[in-house]
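Read-outs: derived from the displayed coordinates by stated rules, not from any lab. Source: prediction; values computed, not measured. Please note: Cβ atoms are built from the backbone with ideal geometry, for glycine as well, and neighbour counts cover all protein chains shown.
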Amino acid sequence: MNLILNGVVANRGEGPGDWSVLADGIFSEGIHLVSGDVGSGKTTLAQVLAGLLVPASGTVARDGIMSVMLSFQFPEYQVTGLTVREECESWGVDPGDVLAAIRLSGRDAHSPLKLSRGELKRLHLACLLSHTYDLLILDEPFSSLDCSEKERVCQQLSERTTGITILFTHEQQTFPRVDYIWEIVNGQLVCRGRVPDALLSWQHAPELVRNLLAAGKCPENIAPGDLVGAACRT
Amino acid sequence: MIALRSLRYRHLAIDALDIPPGLTSVIGPNGSGKTTLLRLCTGIDLPESGSVLIGDRSPRDAEIGWVNEFPDRNILFETVMDEVASPLRFRSVSCTETGDRVERCLELCGIRHLQDRSIRELSGGEKILVAVAAALVHTPSVLILDECDSHLDAARTAALGQLIKRSGTEYVIQCTQQMEVAAQSDQVVYLDEGTVRLSGSPREVFSRLSGTPFYPLSWRCRA
């Protein structure tokens, strides 16, 4: 199973503040982290990979991928139910089970848009992650989640053993264990390779990872436990 | 000092909280009342009972800059220039002074190159920077940021911290889910289930959160 990018160009205009991203490469099975600055084109590239946008040039080919899901950065754009219950049902999941898991029991009759931003993100991700997909693309999945929820979602993502999972994020603290690191640098998507080797050339590495590397303590991966483990290593 | 007394609003119940000048970070689980607290401090919402006083004034009588957590809800106008100029135009500031102040503010926020862009076409992070510029352009005494760092990368989060310092705003209250950011504040307030559980210096508050996901990861790594 592969997602193959061949000379893909995604862009936004040609004036000041506009940008263009050139993307080549193959996303194979596993968890891929794509980092990049604000305005570097992460969201647009995510939508191109999901097939929601047509690239300005180049091709995105799916090999063996039968199901695709994109989680938007702003979950309010993906809401279809008038109540929390309807929203769960629209994803084909049991509201009781999902709401209990994310500590929103008793909120069934509320409008999803009246939830706090973090609560809505929790609801959205819980519904979405109740299913399996060959290609799962998550655009800033951790924004607005509290620290406990970030760790819970990361744990859930780390347990995905099949399919291609691509995380687009500028998160700097809480990550799942990932297989590959990519980043957008100077308008180009660059694959840094497999973790942990990829950490050495990762320009958007969080400060904590950079500090650990500078101290000669290369973590095995970037999940909180890996970083604490590396820090405690003598 | 910003003083909250016997405050009741929806599920928020705060008997007494003092927010000193400087940078205050409000942290806590989703749904704990952080945004509600911030909206009461701006005067957007009024308490059902109790009071919020900024010095001796109510929030609605104070100059306050507010950045919403939903970037699209900050925006009233089409272009970056018009959006940032709007707080001054609403106050009937002269065109010349408005132009000068907007220019300085765009420069301060690092978005001068976007001034003629349609805001709708910007990324989430860029929209936040526009909203911050619009909140700062009328030099408020209180700047309130509702988790806007969740849309910013590390470099821009650091730059935002620097520009807030340079702005000289007397009170800055932000809610954040980035504990590394909160650890750099002058004061931290930890909310849970609508109540202030902890408040004080980062060291005082985080020492009580040791062993929870709210304890900064870098502190875990140096322990």
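Things to note:
- Share antiparallel - DSSP beta bridges, segment A:82-234, percent rounded to 5: 55 percent
- Total formal charge among the other residues, if their Cβ is under 11 angstrom from that of A:ASP179, Lys/Arg +1 and Asp/Glu -1: +2
- Links that overshoot a 20 Å alpha carbon limit, given the list A:LYS42/A:LYS217; A:LYS42/B:LYS165; A:LYS114/B:LYS34; A:LYS121/B:LYS165: A:LYS42/A:LYS217; A:LYS42/B:LYS165; A:LYS121/B:LYS165
- Net charge dipole size for the protein assembly as shown [Lys, Arg +1 and Asp, Glu -1 on Cβ; Debye, nearest 20]: 800 debye
- Projecting the Cα atoms of A:VAL185, A:ASN211, B:ILE75 onto the dipole axis of the protein assembly as shown, where Lys and Arg carry +1 and Asp and Glu carry -1 at the beta carbon, places A:ASN211 farthest toward the positive end.
- Crossing angle, helix B:124-136 versus chain B [Cα axis fit, 0-90 degrees, rounded to tens]: 80 degrees
- Rg over Rh, two decimals, segment A:77-131 (C-alpha only, Kirkwood Rh): 0.89
- Multiplying the residue separation of A:ASP197 and A:LEU52 by 0.36 nm and subtracting their alpha-carbon distance yields 48.9 nm.
- Net charge contributed by nearby residues that have their C-beta within less than 12 Å of A:GLU159 (K/R +1, D/E -1): +3
- Helix B:80-90 axis, angle to chain B major axis (alpha carbon atoms, nearest 10°): 80 degrees
- Residues of segment B:157-171 with amide N under 11 Å of the 7 Å Cα→Cβ point at B:ARG57: none
- Two-site FRET efficiency, A:ARG103 against A:ASN211, from Cβ-Cβ distance with R₀ of 35 Å, rounded to 0.05: 0.55
- In the protein assembly as shown, the DSSP beta bridges split such that about 50 percent are antiparallel, to the nearest 5.
- Direction-averaged projected area, Cα convex hull, the protein assembly as shown: 21.6 nm², rounded to one decimal.
- In chain A, inverting the average of 1/r over every pair of distinct C-alpha atoms gives 18.6 Å as the Kirkwood radius.
- Segment A:114-234: relative contact order in percent, alpha carbon pairs under 8 Å with at least 6 residues between: 19 percent
- Förster-model FRET efficiency, 35 Å R0, A:ILE65 and B:SER118, C-beta, rounded to 0.05: 0.50
- Given their separation in residues at 0.36 nm each and the Cα-Cα distance between them, B:ALA3 and B:SER207 gain 71.0 nm when the chain is fully extended.
- Considering all different alpha carbon pairs of chain B, the Kirkwood hydrodynamic radius works out to 18.0 Å.
- Cα long-axis angle, helix B:154-167 against chain B (0 to 90 degrees, to the nearest 10): 80 degrees
- Residue-by-residue Karplus 3J(HN,Hα) for segment B:183-188, coefficients 6.51, -1.76, 1.60, Hz, glycine and proline x: 5, 8, 7, 7, 9, 10
- Here the dipole of segment A:77-131 is about 320 debye; that uses its Cα centre as origin and unit charges on the Cβ of Lys and Arg (positive) and Asp and Glu (negative).
- Look at where the Cα atoms of segment B:167-223 and of segment B:26-86 average out, and the two centres are 20 Å apart.
- Rounded to the nearest Hz, the phi-derived 3J(HN,Hα) couplings of segment B:209-222 under the Karplus curve 6.51 cos²θ - 1.76 cosθ + 1.60 (θ = phi - 60°) are 9, 4, x, 10, x, 7, 6, x, 4, 5, 6, 4, 6, 9, where x marks glycine and proline.
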